[in-house]
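Visitor: So that we are looking at the same thing, I have put the structure below in structure tokens.
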Amino acid sequence: MKKWLGIAIAGVLLVWVFHQDKVELGEGVLAPVEPKQTQIENPVPLKFEGYTVKPLADFHITAKVILREDYSMGREADVSPMDLALGWGRMSDEAILKHINFSQSGRWYRYRYQSAPIPQKEIETHSANMHMIPAEPWIEDDLADIVPGQIIELKGKLVEVTDKDGWRWRSSLRRDDTGSGACELVYVESIKIVRDG
């Protein structure tokens, strides 16, 4: 009994050591550049997990990870196992973010505050919930290493995903929209952690 208890405690400690819940990088704008997006004129659809993926735009972003949520249930999870809520500009500054309460669930990203530290419109246009589609198994592994607080660089495509029964999931192509349909659906071709403490 003592042997199994020791193994269990060691396992818990290993998980605690190797899995960080959040990274703190300090105050300052750490991702100042706006996301870059270029429309794809003649998209070539590709197959992914039995679905058809149509590229809409090339996409490149460097941003702070505000939140991360993993998904395993539902058709969307077949395609996108993770959402990242990302911030850039002043929404990558912990001096700003500490005044905002964030939550993420059901493929939505929400925030609230007592007094807005920056204009509401700036919060809306400099943060977004993005659905991640890993283009390769090793990219899914890299995504699994992402934790809130890090600065990441992500390259890929904004896409529309369809199924033969008519189901459709389409990315937003704007950073200034809100509500239903405002999230980016990102086919991730490369991702790296730029700052991790």
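Visitor: Name the single residue, out of those in segment 77-89 being more than 11 Å from the chain's Cα centre (by Cα) and surrounded by 19 or more Cβ atoms within 10 Å (Cβ to Cβ), that is farthest from ILE146 (Cα to Cα).
Guide: For segment 77-89, the residue satisfying everything is GLY89.
Visitor: Further question: Considering segment 138-167 alone, what residues qualify as being within 16 Å of LEU46 (Cβ to Cβ), over 16 Å from the mean Cα position of the chain (by Cα) and not hydroxyl-bearing (Ser, Thr, Tyr)?
Guide: Scanning segment 138-167 gives GLU160, VAL161, ASP163, LYS164.
Visitor: I need a count of the residues in segment 90-139 that are surrounded by fewer than 21 Cβ atoms within 10 Å (Cβ to Cβ), part of a loop (DSSP other than H, G, I, E, B) and not charged (D, E, K, R).
Guide: Selection size over segment 90-139: 11.
Visitor: Determine the pairs where a residue that is at negative phi and in a strand (DSSP E or B), located within segment 61-76, has a partner that is surrounded by fewer than 22 Cβ atoms within 10 Å (Cβ to Cβ) and basic (Lys, Arg) with Cβ atoms under 9 Å apart, the partner being 6 or more residues away or on another chain.
Guide: Once the first residue is at negative phi and in a strand (DSSP E or B) and sits in segment 61-76, its partners that are surrounded by fewer than 22 Cβ atoms within 10 Å (Cβ to Cβ) and basic (Lys, Arg) give ILE61/LYS36; ILE61/LYS155; LYS64/ARG195; GLU69/ARG107.
Visitor: Could you list, in sequence order, all residues of segment 18-60 that are β-branched (Val, Ile, Thr) and assigned to a strand (DSSP E or B)?
Guide: Narrowing segment 18-60 to residues β-branched (Val, Ile, Thr): 23, 29, 33, 38, 40, 44, 52-53.
Correct list: THR38, THR52, VAL53.
Visitor: Quick check on segment 17-76: of everything there that is exposed (fewer than 14 other Cβ atoms within 10 Å of the Cβ) and of a type in the set (Gly, Ala, Ser), which residue is modelled with the lowest pLDDT?
Guide: Among those residues, the one meeting the criterion is GLY74.
Visitor: Tally up the residues in segment 149-197 that are of a type in the set (A, V, I, L, M), in contact (Cβ under 8 Å) with a residue 60 or more places away in the chain and assigned to a strand (DSSP E or B), please. Step through it out loud before you land on a result.
Guide: Taking segment 149-197 and keeping what is of a type in the set (A, V, I, L, M), we get 151-152, 154, 158-159, 161, 173, 182, 185-186, 188, 191, 193-194.
Remaining after also requiring in contact (Cβ under 8 Å) with a residue 60 or more places away in the chain: 151-152, 154, 158-159, 161, 173, 185-186, 194.
Subset that is assigned to a strand (DSSP E or B): 151-152, 154, 158-159, 161, 185-186, 194.
So the answer is 9.
Visitor: Among the candidates HIS126, HIS99, HIS131, which residue alone is closer than 20 Å to ARG175 by Cβ and either of a type in the set (Lys, Arg) or over 11 Å from the mean Cα position of the chain (by Cα) (or both)?
Guide: Working: HIS99 fails: closer than 20 Å to ARG175 by Cβ; HIS131 fails: either of a type in the set (Lys, Arg) or over 11 Å from the mean Cα position of the chain (by Cα) (or both).
One residue alone meets the criteria, HIS126.
The values are calculated or read from the model by the stated rules, or taken from the named source; none is laboratory data. Please read these numbers as outputs of a predicted model, since none were measured by experiment. Every residue, glycine as well, gets a Cβ built from its backbone with ideal geometry; the counts of neighbours run over all protein chains shown.
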